[in-house]
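Participant: One structure, as structure tokens, below. Some questions next.
The values are calculated or read from the model by the stated rules, or taken from the named source; none is laboratory data. Nothing here was measured: the structure is a model prediction, and the numbers come from that model. Cβ placement follows ideal geometry from the backbone for every residue including glycine, while neighbour counts extend to all protein chains displayed.
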Amino acid sequence: MQPKRSSAALLQYALMVVLVILLVYLLNRRVSPLVFTTIFLVGVILAALPSILSGYRRAQMQDRFPNREKISPSVPAGKRSSAPDKPMADASLAESFATGETGAAWSIRPITDADLLEVAALLRKAFEEYRGLLNPPSGAHEESAEQLRLVLKDSRALIAVVKNPSIDANAPNDRIVGCVFYQFLFDHVYLFRLAVLPGYRCRGIGHALIQQVEDITRYADIHLIQLGVRTQLPENQAFYEKLGYKVLRYEAHKAYPEPTVAILQKSL
């Protein structure tokens, strides 16, 4: 099946066709070179506008969140989330349940403000294995609830939780073991900050979180999803490629001459 084209790409093609037709018409009318050149330049700008807007939004995201790469490898080995293949009834209330290898039930739900402190600690712990490995270093090492609160002003997030087995009555009922953030951009959804605690990997939690974001993307009638992976983490890129993501382009952090991030994309 051929991948669906985004609305921005279709708009761009339509504008280019209109421009060509208009130029042919003007040539037949023998308009002055100045008028012809002016209309040509205006048409080129209009045809390129969707790409310019999309690039501007990407630049904004890169400035605000320069470390959105997958921060925790998670090879799916357990059961897939029970979320249906069709779009969910309410994208803002995404929730599913599954069972890991150990038989302990875990669920996926939207993040709340009360979760931010624990999620920030999760991100720091999940990314600790990359300390000293990535250049530039990841901002996840200094993640805080306040920073996540700022991120969530124009992004959303899901978390994976398990029931706390502690018999202590004062212990919290749930433990957050995974998370993923995503944002609706011009013509696609951008997925970032996927993380699973080391002790809960290889149970399909990372895969289930991605599946939920993909379902939300379909529900919003968006057919493209993108994410960034550090070029220094080929095993993370391979994880996404197994899920159908393909390299779209390479980008570099500011002041770095060589690419540091691979941007992957999947057509839904």
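Participant: Can you tell me which residues in region 125-152 are closer than 20 Å to GLY199 by Cβ and over 19 Å from the mean Cα position of the chain (by Cα)?
Facilitator: Within region 125-152, LYS125, GLU128, GLU129, TYR130, ARG131, HIS141 meet the criteria.
Participant: For region 227-245, which positions are touching a helix residue (DSSP H, G or I) at 6+ places or on another chain (Cβ under 9 Å) and either in a helix (DSSP H, G or I) or over 17 Å from VAL180 (Cβ atoms) (or both)?
Facilitator: Correct list: THR231, GLN232, PHE239, TYR240.
Participant: Restricting to region 9-48, and then to whatever is of a type outside the set (D, E, K, R) and in a loop (DSSP other than H, G, I, E, B), can you tell me which residue is modelled with the highest pLDDT? I'd like the intermediate steps shown before the answer.
Facilitator: To start, the set of residues in region 9-48 that are of a type outside the set (D, E, K, R) comprises 9-28, 31-48.
Filter once more, keeping what is in a loop (DSSP other than H, G, I, E, B): 31-32.
Working: VAL31: 70, SER32: 76.
Step by step, filter region 9-48, then rank; the result is SER32.
Participant: So which residues in region 204-217 are over 18 Å from ILE111 (Cβ atoms) and in contact with an Asp or Glu (Cβ under 9 Å, 6 or more places away or on another chain), if there are any at all? I'd like the intermediate steps shown before the answer.
Facilitator: From region 204-217, those over 18 Å from ILE111 (Cβ atoms) are 204, 207; that's our starting set.
Within region 204-217, GLY204 is the sole residue that qualifies.
Participant: Within region 177-226, track down each residue that is crowded, with 20+ Cβ neighbours inside 10 Å, among the hydrophobic types (A, V, I, L, M, F, W, C) and in a strand (DSSP E or B).
Facilitator: VAL177, CYS179, VAL180, PHE181, VAL189, LEU191, PHE192, LEU194, ALA195, VAL196, LEU224, ILE225
Participant: For region 221-257, which positions are more than 16 Å from LEU133 (Cα to Cα) and without any contact (Cβ under 8 Å) to a residue 12 or more places away in the chain?
Facilitator: Selection gives ASP221, ALA238, LYS242, ALA252, ALA255, PRO257.
Participant: Moving on. Which ones in region 232-262 are surrounded by 18 or more Cβ atoms within 10 Å (Cβ to Cβ), over 14 Å from the mean Cα position of the chain (by Cα) and more than 23 Å from ARG156 (Cβ to Cβ)?
Facilitator: Answer for region 232-262, where residues must be surrounded by 18 or more Cβ atoms within 10 Å (Cβ to Cβ), over 14 Å from the mean Cα position of the chain (by Cα) and more than 23 Å from ARG156 (Cβ to Cβ): LEU233, THR260.
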